[in-house]
Structure formats: C-alpha cells, structure tokens
Amino acid sequence: MSVMYRAAGAVAIALAMQMAYAAPAKPVRKYTIEQFMATTSIGGASFSYDEKNILFSSNESGIFNVYSIPVGGGKPVALTKSTVDSTYAVGYFPADNRFLFTRDKGGDEQNHLFVRELDGSDKDLTPGDKLKASFFGWSDDRSAFYVLTNERNPKFFDLYRYSVKDYSRTMLYQNDNGISPSRISRDEKWLALNKPNTTADSDIYLYNLASKEMKHITPHKDVASYEAASFDPESKKLFFTSNAGGEFTSIRTYDLASGQVAEHEKAGWDVVGTGFSRDGRFRVSVVNQDGSTVLRVVEGKAEKPMALPKVPGGDMSSAVFSDSGKLMAFYVNGDRSPNNLFVYDLATKKVKQLTQSMSMDIDPNDLVEAEVVRFKSFDGMVVPSIYYEPKNAAPNAKVPAVVFVHGGPGGQTRRGYNAMIQYMVNNGYAVLGINNRGSSGYGKTFFMADDRKHGREPLWDCIEAKTFLASRGYIDPERIGIMGGSYGGYMTLAAMAFRPETFKVGIDIFGVSNWIRTLESIPPYWENQRKALYEEIGDPVKDKDFLVATSPLFHAAHIRKPLMVIQGKNDPRVIKPESDEIVEAVKKSNVPVDYVVFDDEGHGFSKKKNQAVANAKIVEFLDKHLKGM
C-alpha cells in the first residue's frame, strides 16, 4: 500500500508541475525606452544651514543639475538649469544659502568648482584651461573649505584652503611626488595622504601641516592596501581601511600621539569606509556585502549600534547627518527601485520619503529582482555574479542571454537599479552580470587573480559563464551574447577576437581595443596611478609584445560575429580612435558593425537623451542579431 501511495503522490506532483507550467502567468507589461528614461537619477545630499532644505543632484530635466527640496517634503526646485553640461551638487555653505557645485565640458572630466552666490550669479573658483579640481571638505570652524586642483602641475593635485568670506586662498600642500591628499584633521594639523604602489598595494603617509614633516605610517612587506578614511572628531586618531593580514578590508585606527595601530571594525566582507557626523555623535560605516551595500551606524563613545529605520524598496546606501545631528538624510536603492531620498528625524523616529524617482508609467512588479549566483570556472575558481532572468523564461520558452562585464579592471557588478539591464530584461533577455576574477569585493586573492592575465584567465571566466547560463534550463544556449563598458568593452572585444565562436554578438561600450595606445594616452592627472596600471596590465614599452598579443585591434580579422560599438567623442580615458580603428578593421571582414558616436559625451553617459538612444539601439541590435536568429 505504501508503494501505491508513494506512486500516487509522485503522479500528483508531476501533474501539479505540469499544471504549474501550463497555468497562464500574469502577463508582464513591456515598456518603451521613453518610459524607462522617464525615471529620474539622483544623488548627493547636503543640509542647508537652517536644516530646512537638502541639496542634491538630479537629471529630471534630461541632464544633471542641482536641486533643493524641503526636509518636510514638496516639489524639488531646480537651482541650476544647464542644458549642455552636467552639473553636480557639492554642498550648501555652513551659514547661508550659497552652494558649491561642479561641472565639466561635454564629459571631458576637466571639472571646475563653482559657487552660486546669493544674488544668483555663478563664480568659477578654479578658473583656467586644462585643469581638474574637486572639493575636499569644510574646515572645522566653517570659516574655510578645501580644494584640490592640478592647475600648477597637470600630473599632481595640490591642496588649497579657501576663505568662505571672499574665496581668497592659501596653499596647504604642494604635491610634487604623487602622494595625494586624502583626509585632513579637524584641528588642521594633520593631512593623511595615499600612495598607490600597485592596484592591490598602497600606503598611507601623514604630513604635519605646521612642521612640514612627512611620515610613512604603513610600512609593510606583503601585498596590502591601506587607505585613509577619516580623522576622529578630536583629531587624535586616523581611521583607515586595510586588508593587511587577511582577505578583506577592515577599519583600523592609528593613534597620532603614540603611533599605535588597532583593528576597530570588521565584517566577513570589505568594510569600505567610515566617517563621523559633524557633531561627532555618530560614526557611519559601509560594508560591501556580496554585491550589496550594508550601512552601519554607531552612536557615542561606546559605539552603540543605532537602529536604522525600516524602509521598503531596497537597501540604505548612504547616510548624511545635519550639523546639529537631529536629522539624517539617506538613500534607498533596490533592483526594482532607483535611488530615492529620505529624511529621518532622530527625535520623533519619523521617516519621510522626499522623492519618487521611478517613472509613474512603470509598475515595479513588472521588473525583476536580481539573484546572486556562483559558478565554478575552468580551474575551479568560484565566480560570483548578479543574475537577472525575464519573468516569462521557462524550460519550454527559453530566452536569449547576455553576459554583462563591468568596468575596471577591478570593478564590480552590484545589486541595485540599472535601467539599461532592466530594459533588456523587460525585452526578453536574461542578463548575467559577471564578477570575473580581478573584480573587487571578494577578497584580495580574487582581486589579484587577473594581474598580467588580461585577455586570458578573466576572459575564460566569461567563456565559462556561457556554459553556466546554458545549464540554467531557461536559456537558449545558441543565443548568448556578451557586452560591457570600458574594461568590460575590452573584454567584449577580446571575446569576439580571441574566442570568436563562443558568443553570437558583442556590444562594446567605450572599450579598449589597443592597450598600447590606451596606456600611452592616460590623462596626466592619473600620473600617480600610472605605475599601478603598468604593473597590472603591462608597460607599453617593456611589454609591447604582450600587449599586442592581448589587444583585440591587432586580431580584428578573427572577429566574425555581429558587433556594436558605442563611443563618446570627448572620452579622455578610452579615446575615440580606439573605437574608430576596431570598427574599420572589423568592417574589412564584411562583418555587421553598428557604430554609435555621441558628440557630447565622455567616458559614460551623462544625458538622458543619449542613454535613451544607446539603450534603444542596443535592444534593436540584439533583436536583430540575437533574438531573431
């Protein structure tokens, strides 16, 4: 009898599974690119001196501008109205409604720092040509602010102190050796500086601004990263991150008087940074936990963990306290929800959502939640990835897929809203955001596993990703492509040239095709990173043969599958000739190539209209050459 019952149960389960497959699923609405682009991207948060408003950046107008919104809620007000160049908020002044913002020209990354005066006029605080400047923080007494600029020497950034009253300035540190300012103590006595040695190894120096003495505080033999994070409010300790002696970075402290080093905070993942509220009451840390952001806030000398407010739609990704410490602004971001700005009243424990970034036309239930997946690569190394699967995918309705490779090298595909990926998934494509060896966030050994191996082992991880996708049961193994931006664009071209039969299509977004030229054309302000890049990728003089062997341009004759190339005309990192020449070379083989150039973009997209065009053309290309096979 028991055997009969088991048999009957098996039949019932089989029938239930058949019914589940046969049952009509709720139809997923398909959205246009215009509807996706109606979503707003926002970032940054600065409280006004009276704590009544918050300053932030938004591309609601189609291009990033500076906006302000009341902490009590209301409609955001545009404070800048650029229609040409993206403009990003830095912060309100500490005692009035002036504010700082930054802007470049057409994506050339030559950012200048501006102030919006009370009369509505704008003043460039860093005038001149071919310079790059950035905000470095406010002085403790709020009488001044700090600025980094490479106007004196295009290779290195000097530190200046600007008067809040009249913008007169004094140089605090002249950078002549590539040891770059990172943090300044509140008593303005100490300057912490970072020095990269390789992409995986770095050091911290301490500079006494009064005595002009420089001290190396992180001597070490084994490969380890050291990065300054924050001075404590009393200017007695430097908080820094390091992975010395382990795989992941933790928060450590350096006692300025005694030189004693102690581990202060750790997790099973990278603790990527920490900082204090203006009143010194709170310390905020950020953990990179398996591709997601985990925020930690502790209070007081005892560092009692603060209970963070519960909010729907994703994870808290950042937190900024008002000067009084009474309010906390923070962002929430999820796979199906873009950044939204919230404010939390610590006294009343009330939370208010200030923005609604998602397009009103889009139902988040039609979008997909990402899944963290892992697979073993060719040599047994486990490769973590972020996977998006269309809701209509099924064993009897297999879908095409795309392996998406992040930038870098050393970047990471993370959880969170990505309009381009959601648009692709909404159009029926599965997307695997691969974190191939060399990606950050998974430990020192994994991060270093791609050094001097570009075009080989990291690429082979991408090849294995195709096998993994095919094993999912919902993916058509004959319809898998590859795409990526920047270093991911290089990986795409490498896959098409070095493993030409693996992927059916490739989409290269401002990717490297010729390592020799890219390394020779590094912007001058990357000088302190030059040696590190040479160590990881190759020296364009000493390692020329190796770089020729791993540069897709010199092997373009092997590319046989349809290729799309997207490029910004003003890109200072991967210059336009990189794309021009690979397109020309592939066309000689009569291979279908779509080439899209944006005259007003640099290394990435800063304008909605360009994002819309690029995303629409990407899906059109995939529909024609991948889905339509």
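Inter-part distance, the stretch 331-369 to the stretch 481-528, computed on C-alpha centroids, equals 35 Å.
For the chain, the relative contact order is 10 percent, taking Cα pairs closer than 8 Å that sit 6 or more residues apart in sequence and dividing their mean separation by the residue count. Cβ under 14 Å from residue 342's Cβ, residue 342 left aside: what net charge do those residues give with Lys, Arg +1 and Asp, Glu -1? Around residue 342, the surrounding residues sum to +2. Note on residue 378 and residue 303: with the Förster distance fixed at 45 Å, the Cβ-Cβ geometry gives a FRET efficiency of about 0.50. Considering only the other residues whose Cβ falls under 9 Å of the Cβ of residue 410, what net charge follows from Lys and Arg at +1 and Asp and Glu at -1? After counting each charged neighbour, the total is -2. Label-to-label distance for residue 624 and residue 363 is 3.3 nm, based on points extended 7 Å past Cα in the beta-carbon direction. Of the solvent-accessible surface of the stretch 223-263, computed with a 1.4 Å probe and all protein chains present, 46% belongs to carbon and sulfur. Once every Cα of the chain carries one equal point scatterer and solvent is ignored, give the base-10 log of I(q)/I(0) from the Debye formula at q = 0.06, 0.09, 0.12 Å⁻¹, two decimals. The calculated log intensity ratios at q = 0.06, 0.09, 0.12 Å⁻¹ are -0.35, -0.79, -1.44. Normalised by the number of residues in the stretch 369-438, the mean separation of alpha-carbon contacts (under 8 Å, six or more apart) gives a relative contact order of 40 percent.
Model label points for residue 471 and residue 356, set 7 angstrom from Cα along the Cα-to-Cβ axis, are 4.5 nm apart.
So, with a 1.4 angstrom probe, what is the percent of accessible area on the stretch 109-206 that is carbon and sulfur? Solvent-exposed carbon and sulfur of the stretch 109-206 make up 46 percent of the total.
For the chain, the longest principal axis of the C-alpha atoms and the axis of helix 527-536 are separated by about 30°.
Other residues with beta-carbon under 10 Å from the beta-carbon of residue 197 carry, at +1 per Lys or Arg and -1 per Asp or Glu, a net charge of -1.
Against the main long axis of the alpha-carbon atoms of the chain, helix 2-22 sits at an angle near 70°. Rounded to the nearest 10 degrees, the angle from helix 576-587 to the longest Cα principal axis of the chain is 10 degrees. Normalised per residue, the accessible area of the chain is 43 Å², obtained with a 1.4 Å probe and no contribution from ligands, DNA or RNA. Given a 1.4 Å probe and every protein chain left where it sits, what share in percent of the accessible area of the stretch 540-629 is carbon and sulfur? Result for the stretch 540-629: 51 percent of the exposed heavy-atom area is carbon or sulfur.
Dividing the alpha-carbon Rg of the stretch 409-567 by 2.2 N^0.38 Å yields what? Each step should come with its number before you reach the end.
Details: Rg = 15.9 Å, N = 159, 2.2 N^0.38 = 15.1 Å.
Computed over Cα atoms of the stretch 409-567, the ratio equals 1.05.
Under a straight-distance cross-link criterion of Cα-Cα below 13 Å, which aspartates and glutamates are reachable from residue 627, leaving out those fewer than 8 residues away in the same chain? List returned: 476, 478. Computed over Cα pairs, the Kirkwood radius of the stretch 485-629 leads via Stokes-Einstein (0.890 mPa s, 25 °C) to a diffusion coefficient of 157 µm² per second.
The values are calculated or read from the model by the stated rules, or taken from the named source; none is laboratory data. Computed from a prediction, not measured in an experiment: that's the story for all the values here. Here the Cβ is made from the backbone with ideal geometry for all residues, glycine too, and neighbour counts use every protein chain on show. The accessibility values were calculated without ligands, DNA or RNA, using every heavy atom of the protein model including side chains. Shrake-Rupley method; radii C 1.70, N 1.55, O 1.52, S 1.80 Å.
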